[in-house]
Amino acid sequence: DHAVLRTQAIDAHVSSALESGIDQLVLLGAGLDARAWRLPELAQATVFEVDHPATQEYKRARTRGRAPHAEIRFVAVDFEREGFAGALETSGFRSGSRALWIWEGVSMYLRKAAILDTLAQMSRLSAPGSELAMTYRVPGTLPFGPLGHATIPVLFRAMGEPLRGTLTSEELASTLAPNWEVLADENSHGWKRLTRSRARPARAFLGERLAIARRA
């Protein structure tokens, strides 16, 4: 339910941004995100999928033969090793026009330096009125008490996706300031208010938050 509720809350914001006239959607760490295939309202938008080349190769193989609603441009980048700004502009991203940036379920797997660098690159490319929907993990919020704090990081490392980066709400707001205004910053109880979903907030995952921000 947690992942469903998170995705539906971001989908609600996608619809709002498109209605405001934004026609560029950037998926940072796109992974297997299927919005370009799921959301007909993206028909007039260009979707830029920024991710590791190996992940993109797998995704393109899995989606072969499935027609997306939007024009998709794949931008191959390793966030931990290289910047994405130049590659994104080379792919046709218009830095002079508004964009919606989605960074869902990714930042907690990056070191803090990579998180801050990604936000800085995004900010440099964002025209006034651009928007950001980003999930992040706050420190000290793993579930199940001391047992969870001891075992959950080990399990994630064993799966090949170690938990690395956390931010406090104050750190995120100060990093985005003064150019971005944080419009909302809530855990899954707040996401529920953005949707008509029957999915239920999961107490175990309340340490993950969704921030919505707008470029001044």
Original post:
Taking residue 155 and the conditions (1) open to solvent by 40 Å² or more (accessible area, probe 1.4 Å); (2) without any contact (Cβ under 8 Å) to a residue 60 or more places away in the chain; (3) within 23 Å of residue 23 (Cβ to Cβ), which numbered condition does it fall short on, given that it satisfies the others?
Top reply: (3)
Subject >> Residue count for the range 35-60, restricted to those that are open to solvent by 40 Å² or more (accessible area, probe 1.4 Å) and either of a type in the set (Gly, Ala, Ser) or assigned to a helix (DSSP H, G or I) (or both) >> reply: 12
Original post:
Just wondering, is there one or more residues in the range 124-133 that are in a strand (DSSP E or B), in contact with a Pro (Cβ under 9 Å, 6 or more places away or on another chain), under 19 Å from residue 24 (Cβ atoms) and small (Gly, Ala, Ser)?
Top reply: no
**OP:** Scan the range 158-173 residue by residue and report those that are within 20 Å of residue 104 (Cα to Cα) and either among the aromatic types (Phe, Trp, Tyr) or loosely packed, with under 12 Cβ neighbours inside 10 Å (or both).
**Re:** 159, 160, 161, 170
Original post:
What is the one condition in (1) in contact with a helix residue (DSSP H, G or I) (Cβ under 7 Å, 6 or more places away or on another chain); (2) closer than 17 Å to residue 9 by Cβ; (3) not in a helix (DSSP H, G or I); (4) not β-branched (Val, Ile, Thr) that residue 164 does not satisfy?
Top reply: (2)
Original post:
So is residue 72 open to solvent by 10 Å² or more (accessible area, probe 1.4 Å), among the β-branched types (Val, Ile, Thr) and not in a helix (DSSP H, G or I) or not?
Top reply: yes
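The values are calculated or read from the model by the stated rules, or taken from the named source; none is laboratory data. Note that the structure is a prediction, hence the values are computed from the model and not measured. Don't worry about glycine lacking a Cβ; one is built from the backbone with ideal geometry, like all the others, and counts go over all protein chains shown. Just the protein is used for accessible areas: all its heavy atoms, side chains included, with ligands, DNA and RNA removed. Shrake-Rupley method; radii C 1.70, N 1.55, O 1.52, S 1.80 Å.
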